[in-house]
Amino acid sequence: MNAIALGPFLLSLPRLYAFACALVLLIAVRILFKLPSNVQQRWFTGLILVWLISARMGHVMFNLDSYADTPLDALMLWKPGYDGLWGMLGGLIWTGWALRHRLHAMIYTMVLVMVTSALWALLVLFSPLGGSFASNPIPDLTLQDIEGNDIHLPSLADGEHKVIFNLWATWCPPCLREMPLLAEVATRDDVHVVIVNQGKICCRSCATLMSSRSASAMHYSTPNSA
């Protein structure tokens, strides 16, 4: 699992690692450089804001198509979608500006920003707190394909391919944004992507998108939504 449950809330591990690395950075700067409290507070507050904005901008620039229909989603910083390299570059620029009158502290703080950014990237990559992603059995359900034929889901397993199920709805903006990613995954030889429509209309738009990406995904809907 890539998240930790805190009562009714889920905290994603990348965010937990980010909080931990930011805390390590703050403590290290406080101990090593003993900056005046107002200077340190201004630098650290600005660093968090600049990192978030820069990392978000980097992610949006590399995924413009995903935000074309809902551009305001780019402003929703609580949603996933950050580029760590862009965040680090923004943090370095801010640190250089905020500590420009303290050359020694500026240089070593920039080094610490790079070290903690690299630490965060390693934690996200290896995820020491994450569990294994074991495959679950295919549910014993019968759905309808895009032509209205009944399909027993366990029959899709052939023992050679992993099967990825994605629940889709035409009224769901995140579903639109994840279609290019699913289309890319569907081009792999060892994976079958199964898209299950939960809406009122059979998901022909989804099939069209997948076909335009030369991806062999399978499209199904619940019997009462075709």
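The values are calculated or read from the model by the stated rules, or taken from the named source; none is laboratory data. The shown structure was predicted, so the numbers you read here are calculated from the model rather than taken from an experiment. Heads up, the Cβs are rebuilt from the backbone with ideal geometry, glycines too, and the neighbour counts pull from every protein chain shown.
The table below gives the values:
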read-out	value
Tally, over the stretch 80-109, of residues that are in contact (Cβ under 8 Å) with a residue 40 or more places away in the chain, under 30 Å from the mean Cα position of the chain (by Cα) and not in a helix (DSSP H, G or I)	1
Matching entry among Leu32, Leu52, Leu13 (being under 16 Å from Leu119 (Cα atoms) and modelled with pLDDT under 95)	Leu13
Leu153 being modelled with pLDDT under 80, surrounded by 16 or more Cβ atoms within 10 Å (Cβ to Cβ) and out of contact with any Ser or Thr (no Cβ under 9 Å at 6 or more places or on another chain)	no
In the stretch 55-73, residue nearest to Met179 (Cα to Cα) [restricted to those that are modelled with pLDDT under 85 and surrounded by 12 or more Cβ atoms within 10 Å (Cβ to Cβ)]	Ser66
